[in-house]
Amino acid sequence: MNKLLLLFLLPFTLFAHMSIAVSYPFIGAITKSIGGEHIDTVVLANGNWDPHFVVPRPSLIAKMRNADALIMNGAQLEIGWLPPLINRAANPKTQPNAPTFLNLSHHVELILKPKSVDRSGGDVHPDGNPHFHLAPENILILAKTIEEFLISIDAEHQAIYETNYAAFTEEWSKNIAIWKTKMAEKKGKKVIQFHDNLAYFNKTYGLQSIGTIEPLPGIPPSSRHTLELIELIKKEKPCCVLHDVYHSTKTAAFISEKTGIPIVLMPHDIGALENIEDLKSLFDYLTGAIK
Ligand SMILES: [Zn+2]
C-alpha cells in the first residue's frame, strides 16, 4: 500500500469505534458503561417518549443504517416500531439473525405472562411484562449480557469490557443496597398505576399493585373501568397513583379528585424527566418518589 495512503488511513483504524444502535436510553447507558471508549451508542427512542409507540421516523432509519450492532429490549416492547426500521434500514448487521443483534428479553425472567392473549382485545404484552429494567437487580443481568455480547463481537477488547463490567457491578451493587434500605419502609404499600410499567420495581420492593387505570395493557381508560377503580381505591386505600410521564394524567386527576389519593410521576427511563440524567438518578428518583 502507498505509504501516504497508509498514513491517511491509520488514525481511522486506530480510533475506529463500533457504533451500536440501541432502542432505549437505559440500554445505551449500560452499553456505554461496559463499552467505554471503544463503543459509540446510538439511542433510537427518546426517554420521554412512550416506549410502546415510537414513530419509526426516517431519521431513525438513517441511524440504523450505519450501526455495527443492535441491542433491543424485546418481549414485544418494540413490536410496533423496530421491525419496520430494521427492514427499511436493510443493514445486515442489525437483522435479528445476525451475531451482532442482541435481544435482552431472552436473558431475563419475564413475569406476568398472560394465560390467554387476546390481541384483538389490545393487550400489548402477550409475552409477559417487558419493563424488566425497572428492577435494579435486572440491570446487573443486562450488564452481564451486554458484556458477553460485546466480547463476542469484539474479542480484541475483551479485557477492557471485563474491567468496565466489574467496576459497573461493584458500584451498582452498592447502590442496590442503598435503594433497598430506602424502600424497606414502603414494603406492603398498595399502589395504582396507569400502566404496569413498574411491575418489576413493585415486585423488588414489595409494593402491591392493585389496579391500573388502563383496563388492559395498551387500552385507553374507559369510564366504566375508572368508576370501578374509584370504588376499589375507596375500599383498599392505596397510597398513590404511580403515573408514567407520557400518558395524560387527566383520568388520574379525576380519580385523585374523587378519592383524595395523590398522583406520583414515575419516570421509566433516562430523560423521562429533566433531572433524570443517568441510570443512578433514575433509581434514586424512583426509590424516593413514594411518600
Ligand atoms: Zn408496557
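A compact table of results
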quantity: Options K186, K174: the member that is of a type in the set (K, R), on the phi < 0 side of the Ramachandran plot and open to solvent by 50 Å² or more (accessible area, probe 1.4 Å); calculated: K174
quantity: Given (1) of a type in the set (A, V, I, L, M); (2) more than 20 Å from L198 (Cα to Cα); (3) within 16 Å of the ligand (Cβ to nearest atom), number of the condition L60 does not satisfy; calculated: (3)
quantity: Check on P84, more than 17 Å from the chain's Cα centre (by Cα), surrounded by fewer than 22 Cβ atoms within 10 Å (Cβ to Cβ) and within 13 Å of the ligand (Cβ to nearest atom); calculated: no
quantity: Condition met for S105 (open to solvent by 30 Å² or more (accessible area, probe 1.4 Å), among the small types (G, A, S) and closer than 30 Å to N275 by Cβ); calculated: no
quantity: Filter result (in a loop (DSSP other than H, G, I, E, B), open to solvent by 60 Å² or more (accessible area, probe 1.4 Å) and touching a helix residue (DSSP H, G or I) at 6+ places or on another chain (Cβ under 7 Å)) within segment 267-291; calculated: N275, D278
quantity: Subset tally (residues that are touching a residue at least 40 places away in the same chain (Cβ under 8 Å) and assigned to a loop (DSSP other than H, G, I, E, B)) for segment 184-194; calculated: 2
quantity: Test: residue in segment 133-144 that is out of contact with any Leu (no Cβ under 9 Å at 6 or more places or on another chain), open to solvent by less than 20 Å² (accessible area, probe 1.4 Å), farther than 28 Å from V264 by Cα and in contact (Cβ under 8 Å) with a residue 12 or more places away in the chain; calculated: yes
quantity: Test result for S120, modelled with pLDDT under 95, open to solvent by 80 Å² or more (accessible area, probe 1.4 Å), in a helix (DSSP H, G or I) and of a type in the set (S, T, Y); calculated: yes
quantity: Residue check for I111: surrounded by fewer than 18 Cβ atoms within 10 Å (Cβ to Cβ), within 16 Å of the ligand (Cβ to nearest atom) and hydrophobic (A, V, I, L, M, F, W, C); calculated: yes
quantity: Those residues of segment 128-147 which are part of a loop (DSSP other than H, G, I, E, B), farther than 17 Å from I71 by Cα and within 11 Å of the ligand (Cβ to nearest atom), in sequence order; calculated: G128, N129
quantity: Residue tally, condition under 23 Å from P130 (Cα atoms) and either within 16 Å of the ligand (Cβ to nearest atom) or hydrophobic (A, V, I, L, M, F, W, C) (or both), over segment 174-194; calculated: 7
quantity: Residue among I111, I71 that alone is touching a residue at least 40 places away in the same chain (Cβ under 8 Å), in a strand (DSSP E or B), among the β-branched types (V, I, T) and assigned by TED's automatic domain parsing to the domain that holds N138; calculated: I71
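The values are calculated or read from the model by the stated rules, or taken from the named source; none is laboratory data. In this text, all values refer to a predicted model and were calculated from it rather than measured experimentally. Cβ: placed from backbone, ideal geometry, glycine included. Neighbour counts: every protein chain shown. With ligands, DNA and RNA removed, areas are computed over all heavy atoms of the protein, side chains included. Shrake-Rupley method; radii C 1.70, N 1.55, O 1.52, S 1.80 Å.
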